[in-house]
Amino acid sequence: MAKHTVTLIPGDGIGPEITTAMRRVVEATGADIEWEIADAGEHVMAECGTPLPDYVLDSIRKTKVAIKGPVTTPVGTGFRSVNVALRKALDLYVNLRPAFSIPGTGARYDDIDIVIVRENTEDLYAGIEFEQGSAQAAELIDWVAAKGAGAIRPDSGISLKPISITASERIVRWAFEYAIANDRHKVTAVHKANILKYSDGLFLEMARHVAAEYEGRIEFEDRIVDMTCMGLVLYPEQFDVMVLPNLYGDIVSDLAAGLVGGLGMAPGANIGTGCAVFEPVHGSAPKYAGKDMANPTAEILTAVLMLQHLGEHEAAEKILAGVRQVLAEGTHVTYDIKRTNTGSTDGAVGTQAYADAIVATF
Ligand code: NAD
């Protein structure tokens with residue numbers, strides 16, 4: 001069995017508890033992983049003066065693979081977000097968010113198997129914003145008027161939505177390659193090209209261009225984002241692999257997480273050409289920090305994605321089977337799952353006891 005070195009970022013809030021649970025489960029599979037702990041987040045700011053010290057990026061550049069707990073975004077400190085900074089610094093242009101049903105979660109559906117591929121570097125999340133009342137916003141508003149491009153109210157704040165050929169082409173290509181490598185049959189590109197002709201329109205044009213190369217191998221369709229949301233709720237089985245620009249990808253993946261039992265069940269990965277950073281979709285849930293209550297399933301399923309990425313398929317399958325068994329039995333589950341299934345949190349177990357129950361299935 002190959003030995004792997006993985007950067008581990010425990011994070012803030014419930015992060016340390018759920019990453020401890022994840023680590024215990026991964027180690028119990030026998031996978032040979034050496035963890036290089038490189039902490040980031042709000043709690044390292046006092047000591048390091050930044051929530052993302054250089055040693056974190058140095059470690060990931062060296063190991064190429066990281067798994068993290070959620071990190072709190074400090075409010076009003078001038079730091080935007082550790083997660084956004086990581087994605088930018090390492091050019092992690094793919095955000096992979098699978099949503100699949102596991103019986104026992106109390107979710108509304110039991111047959112969901114959707115993979116969301118979200119573009120991670122541009123769109124309205126590019127961070128190019130002009131504050132209402134600023135000289136730059138006024139200048140931009142005057143420039144737009146002078147070009148005859150439209151009237152923006154003078155008391156507006158503005159966020160730009162850049163969509164490029166480069167980013168659109170590579171994310172759609174990644175989605176098709178993922179579909180092929182994982183025996184998927186269809187890719188759906190999601191957009192609002194009927195209204196946003198030059199941004200989403202370009203994304204759609206590139207999606208069609210790339211799709212043509214895969215004709216006969218992978219089915220392709222495109223859908224408007226609002227109809228997609230309705231379709232996901234009414235007929236989720238119509239979707240297989242979905243590829244979306246950044247903002248729609250963020251929103252639609254939370255919708256998909258809701259179909260399979262909520263944020264506590266949603267794993268994720270940020271992937272670039274050189275490195276990959278695995279993290280659950282949910283945040284640091286500060287109100288549950290230190291209480292041994294949080295559901296570590298999303299973090300544990302995130303480790304499954306990481307193990308698949310490392311080629312440790314046997315360990316990944318073992319964990320997945322253990323999670324399925326524990327959730328199906330329903331006796332050793334955390335408060336959120338207990339409440340969804342029974343309407344009460346009575347009899348729920350803690351974060352670590354849930355991990356113990358998974359390990360006991362191995
Ligand atoms: P959140 O995901 O932390 O919480 C949303 C709700 O879901 C809360 O009620 C929370 O208690 C619950 N919840 C989340 N994860 C859970 C789990 N594993 N088990 C049980 N319940 C769970 O979102 P938020 O409150 O908007 O954000 C809190 C902080 O997390 C913010 O600082 C935000 O910026 C940050 N955040 C970080 C990441 C990340 O690191 N990738 C992602 C999202 C939010």
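Values in this text are rule-based calculations from the coordinates and carry no lab data. The shown structure was predicted, so the numbers you read here are calculated from the model rather than taken from an experiment. Note that each Cβ is placed from the backbone with ideal geometry, even for glycine, and that neighbours are counted across all protein chains shown.
Laid out as a table, the results:
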quantity	calculated
Cα centroid separation - segment 48-63 against segment 273-311, whole Å	19 Å
Over 19 Å (Cα to Cα) - which of LYS88/LYS192; LYS88/LYS287; LYS62/LYS88 fall in this group	LYS88/LYS192; LYS88/LYS287
Between helix 313-329 and the chain: long-axis angle, C-alpha atoms, 0 to 90°, nearest 10	80 degrees
Dipole of segment 100-161, positive end: most advanced residue of ILE112, GLY157, TRP143 [Cβ charges, Cα centre]	TRP143
Assigned charges on the beta-carbon of Lys, Arg, Asp, Glu; the chain dipole about Cα centre (debye)	180 debye
Cα-Cα separations in the chain greater than 30 Å, expressed as whole percent	41 percent
Mean ellipticity per residue at 222 nm, deg cm²/dmol - from DSSP H runs of n ≥ 4 across the chain, formula -39500 (n - 2.57)	-13000 deg cm²/dmol
Residue of ILE152, ILE300, ILE319 that the Gaussian network model of the chain assigns the largest fluctuation, springs spanning Cα pairs under 10 Å	ILE152
Folded to 0 to 90 degrees: helix 54-63 orientation relative to the chain principal axis, Cα	70 degrees
Sorted by Cβ density within 10 Å, fewest first, the residues SER59, SER253, SER284, SER164	SER164, SER59, SER284, SER253
Using distinct alpha-carbon pairs, which all enter the 1/r mean, Kirkwood radius of segment 274-362 in Å	13.9 Å
Sequence of THR121, THR19, THR50 once ranked by neighbouring C-beta atoms within 10 Å, starting from the fewest	THR50, THR121, THR19
Most mobile of ALA315, ALA99, ALA212 in a GNM of the chain (Cα contacts under 10 Å)	ALA212
Folded to 0 to 90 degrees: helix 225-234 orientation relative to the chain principal axis, Cα	30 degrees
Ellipsoid equivalent to segment 215-344 - semi-axes via the Cα gyration tensor, in Å	27, 20, 16
Least to most buried among LEU234, LEU124, LEU327, LEU255 (fewest other Cβ within 10 Å first)	LEU234, LEU255, LEU124, LEU327
GNM top mover of ALA266, ALA193, ALA138 - the chain, alpha-carbon springs below 10 Å	ALA138
Given charges at Cβ of Lys, Arg, Asp, Glu: the chain dipole, positive-most of GLY13, VAL260, LEU234	LEU234
Stretch in the chain that is longest and holds no GluC sites (Glu not before Pro) that DSSP places in a loop and that have at most 14 other beta carbons within 10 Å	216-362
Residue (of GLY274, THR331, LEU320) at the positive-pole extreme of segment 270-341, dipole from beta-carbon charges	THR331
Bridge type composition, the chain - antiparallel percent by DSSP, nearest 5	40 percent
ILE37-ASN182 FRET efficiency (beta carbon distance; Förster radius 25 Å; 0.05 resolution)	0.20
